[in-house]
Structures are given as structure tokens and as C-alpha cells.
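The next block holds one structure in the form of C-alpha cells; read it before the comments.
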Amino acid sequence: MRLSLHYRGKLIHINFDKEEIRVRDILDKLNLSRDYAFVIVNGEIAAEDQIVSEQDDIRVINAISGG
């Protein structure tokens, strides 16, 4: 399956070797930790085990921390 998603202001395409893709698979493919990034699917923050499809609007956002 091929997913299109927005990350760091760009539309990117990621290929997966399986048909059932979860949010955690996206983070793993981008080498991101849930502690430092989160995924928005169709306008809502998604849980790591949420399944996504090619039709979903997916955005990966880096978490910002400061002190």
C-alpha cells in the first residue's frame, strides 16, 4: 500500500509491504517516536493502533517542547 501524507510542510508518499497500516507503522517508517511526533488523521489526533487508509488525510506533526 502507498500512503500520501503531509510532513514538515511537504506532501510525501510512503510505500508499505502490507495492506493494513497503523499510525505506529507511519511513525516507524519515518523513524519518529510517539514522544516527539503525533499523527492527525482526518482532523483528529490518532492513537498508535488506529488503522489508516489511502483515502485518509494524514498529517505528521513534530512535537515542540521548551522551557
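Report the charge-dipole magnitude of the range 2-62 in Debye, nearest 20, computed about the Cα centre from +1 at each Lys and Arg Cβ and -1 at each Asp and Glu Cβ. Write out the running numbers ahead of the final one.
Details: 9 positive and 12 negative charges, 68 e Å.
For the range 2-62, the charge dipole is close to 320 debye.
All other residues whose Cβ lies under 14 angstrom from that of Val39 are scored, Lys and Arg at +1 and Asp and Glu at -1, for a net of -2. Taking other Cβ atoms within 10 Å as a rough exposure proxy, Ser4, Ser33 sort from fewest to most as Ser33, Ser4.
Subtracting the Cα-Cα distance of Glu44 and Arg8 from their residue separation scaled by 0.36 nm leaves 11.2 nm. Ordering of 47-57, 11-21 by packing is 47-57, 11-21, highest average first (other Cβ atoms within 10 Å, averaged per residue).
Annotation: the antiparallel percentage among DSSP beta bridges lying fully within the range 2-62 is about 90. Here the range 1-45 is scanned for amide nitrogen atoms under 18 Å from the site 7 Å beyond the Cα of Ile51 along Cα-to-Cβ, giving 1-4, 16-27, 41-42.
Values in this text are rule-based calculations from the coordinates and carry no lab data. Just so we're clear, the structure is a prediction, and the values are computed from it rather than from any experiment. Cβ: placed from backbone, ideal geometry, glycine included. Neighbour counts: every protein chain shown.
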